[in-house]
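Single-structure report; data block below.
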Amino acid sequence: MKLLITLLSLTFFSCNDHHHSSLKEKLHKLDQSMGGKGPVESEQILKDRLDDFSYQKSRWNKKNDFYVLERFDKFKIGKCQQCHDSSKKIPNSASNHKEVSLLHANKEVMNCKTCHNTKDTWNLHMLNNEKVSINHPYKLCSQCHFEQVEDWSHGAHGKRVGGWHGKRVIKNCTSCHNPHKPQFHNQMPKVTPNFLKYKR
Amino acid sequence: MRNFISNLFKHNKKTSSSQCPVFSQDKTTTRVDEEKGAKQILDKKQNRRSFLKGMTATAGAGASLMAVGASNLIDKDAKEKAALKWEEFFKGNYRVMTEDEKKATVKRLEELSRINNNQNVSISADAPLEGVLFGYAFNISKCQGYGDCIEACIEENNLDRKSNMQYIKMFEMDHGKLNVESGDAAYFHQVPKDDKFYIGTQCMHCENPPCVPVCPTGATWKEKDGIVVVDYDWCIGCRYCEAACPYWARRFNWAEPEVPKEKENKNQHYLGNRKKMKGVMEKCTFCVQRTRKGQEPACVEACPTGARVFGNILDPNSEIRYIIENKKVFRLKEELGTEPKFWYYMD
């Protein structure tokens, strides 16, 4: 009886495995049958789709090829260097940045210096003091939100720009989430509903 | 999932004409249709249609004689409009048109838009791309119910503003429930509300669409890239498809659709967002006028939370394929065997 159960469970699991792999295989075969090329890479189709964006190659994973939108030109107040120049000697303290309120994790866990480098204001820094450009903040985010960043790097989280095919350019974490206040806010729906109440 | 895959295999073999009861009756006719287009068919067979064609020519000649006689009374645009409408009335179904016929009808429609609304629109008849099967994924953990997608859809697809027509239906759901019948599609308050989540539905572009075989005129069909489309000029407004669709995806024009002239989207497609008429069905087309040029649908582009993902499911490196293979996915009413190409997933 025990033998039978073992055999049955083995068959079950191997079936499962087989199903999983065959799904991929089948889709692969299908790709071949539908022209063999996979996606259509036509220059004409892609024309003018990415001209409006400035982007850089990601430094996330060498196997996973994608580009991220630049962040430098999105600063509302101005570039850090305008005030924090070595000649001007304006102290870089929290009291000089009252427009920023940090509502991200609790105060014991995070403060300004967790991400910002007080000496080199062009760059952020990781927990191990490794320098990170402001154009690549996902490396910083991944220190805690590694699951989200993994999803984002493959397209299950976040947004792509410039169309569904061709060069994959995606928005940075900080394009959508304010790093000082990452929670999405409440608001009224954009349109009035046009359907009857289905609630019973 | 397995059924879907097996259906995908069939996808290649199926011809679009085989789904339509009208065109599948006579196989030889269908083949000729594909080869030579609608006009040649009309010429060949001596049946009711070719008789009507003869009538067209006669009446056309008569009309032109009349026009010459009354040229002082009728202005140029009105004459042109009458001639264009006359030709439009006798055109074939989009599926059996040759490339030239498609170009001609598109040109006529553009001209009619100029005469009727003083609006210069550009209507395309882009064919499906090779090696592409469109799929869509919706993240129910991320959607906040803001409705930016609905707003973008209305503007992109020139939907009737008077009746507030919307292709996308957004349900506010209680946690722990996944049947959309229990949701509330008429919510209007600050969102996201505590203890609620949001599911957006629209046309699922099924691999096995139940709305297609019920159409008595062959006015709706599935294109090679998986998009289910409607030829508005062949729709007679019987609403069988609306009754057949289990996802409430189809919308009916009870009155002439009204779109403010300055807000009309001029980038149009024959099977997509061109001006619809009173008494025809319409539905989401995955923004065919955008997606066949490589752009994302308007709802995907507008979503502020990134809950909507669109792509080619035949491309093994696409985002949508990653989601289907690696995330927890489900589809609505899978037990019906409609094989929708619209996956819901969660984090």
Flag if B:R308 is closer than 28 Å to B:E88 by Cβ, in contact with a Pro (Cβ under 9 Å, 6 or more places away or on another chain) and among the basic types (K, R):
no
So, first residue among the small types (G, A, S) in region B:247-274, second residue in a helix (DSSP H, G or I), Cβ within less than 8 Å, six or more apart or across chains; the pairs are B:G272/B:V288; B:G272/B:Q289
Of everything in region A:68-103 that's of a type outside the set (D, E, K, R) and under 30 Å from A:H154 (Cα atoms), which residue is modelled with the lowest pLDDT?
A:F75
Quick one: count up the residues across region B:231-246 that are closer than 19 Å to B:T338 by Cβ and in contact with a helix residue (DSSP H, G or I) (Cβ under 8 Å, 6 or more places away or on another chain).
1
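Are any of the residues in region B:89-99 among the aromatic types (F, W, Y), at pLDDT 70 or above and part of a helix (DSSP H, G or I)?
Yes: one or more hits.
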Of (1) under 15 Å from A:G163 (Cα atoms); (2) touching an Asp or Glu at 6+ places or on another chain (Cβ under 6 Å), B:E339 satisfies every one except (1)
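Can B:L109 be described as within 21 Å of the chain's Cα centre (by Cα) and hydrophobic (A, V, I, L, M, F, W, C)? Steps first, answer last, please.
Numbers: within 21 Å of the chain's Cα centre (by Cα): yes; hydrophobic (A, V, I, L, M, F, W, C): yes.
Yes; evaluated as a whole, the condition is true for this residue.
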Among the residues of region B:167-201, what is the count of those that are part of a loop (DSSP other than H, G, I, E, B), in contact (Cβ under 8 Å) with a residue 40 or more places away in the chain and within 16 Å of B:W248 (Cα to Cα)?
2
3 or more residues at pLDDT 90 or above: qualifying helices (runs of 4 or more DSSP H) within region A:104-200:
A:138-141, A:146-154, A:173-176
Subset of region B:180-197 that is touching a Lys or Arg at 6+ places or on another chain (Cβ under 9 Å) and of a type outside the set (A, V, I, L, M, F, W, C) - its residue that is nearest to B:A302 (Cα to Cα)
B:Y187
If we scan region B:135-143, do we find a residue that is surrounded by fewer than 22 Cβ atoms within 10 Å (Cβ to Cβ), away from every other protein chain (no Cβ under 12 Å), under 24 Å from B:F197 (Cβ atoms) and touching a strand residue (DSSP E or B) at 6+ places or on another chain (Cβ under 6 Å)?
yes
Can you tell me which of (1) surrounded by fewer than 21 Cβ atoms within 10 Å (Cβ to Cβ); (2) more than 7 Å from every other protein chain (Cβ to nearest Cβ); (3) in a loop (DSSP other than H, G, I, E, B) is the one B:L159 doesn't meet?
(1)
Residues of region B:281-300 that turn out to be at the interface with another protein chain (Cβ under 7 Å from one of its Cβ atoms) and not polar (S, T, N, Q), as a count:
3
Name the pairs whose Cβ atoms lie under 8 Å apart, with the first residue in region A:166-192 and more than 23 Å from A:F66 (Cβ to Cβ) and more than 9 Å from every other protein chain (Cβ to nearest Cβ), the second outside any loop (DSSP other than H, G, I, E, B) and among the small types (G, A, S), and 6 or more positions between them or separate chains?
none
Could you look through region B:268-293, keep only residues that are buried (at least 22 other Cβ atoms within 10 Å of the Cβ) and more than 12 Å from the chain's Cα centre (by Cα), and pick out the one that is nearest to B:K103 (Cα to Cα)?
B:R292
Look at A:D65 and say whether it is surrounded by 10 or more Cβ atoms within 10 Å (Cβ to Cβ), within 14 Å of chain B (Cβ to nearest Cβ) and at pLDDT 75 or above.
yes
It is to be established whether one or more residues within region B:109-121 are free of Cβ contacts under 8 Å to residues at least 60 places away in the same chain and facing chain A (nearest Cβ under 8 Å).
no
Within region B:162-179, how many residues are surrounded by fewer than 19 Cβ atoms within 10 Å (Cβ to Cβ) and within 8 Å of another protein chain (Cβ to nearest Cβ)?
2
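The values are calculated or read from the model by the stated rules, or taken from the named source; none is laboratory data. None of these values were measured; they are calculated from a predicted model. Note that we place each Cβ from the backbone using ideal geometry, even for glycine, and neighbour counts take in every protein chain shown.
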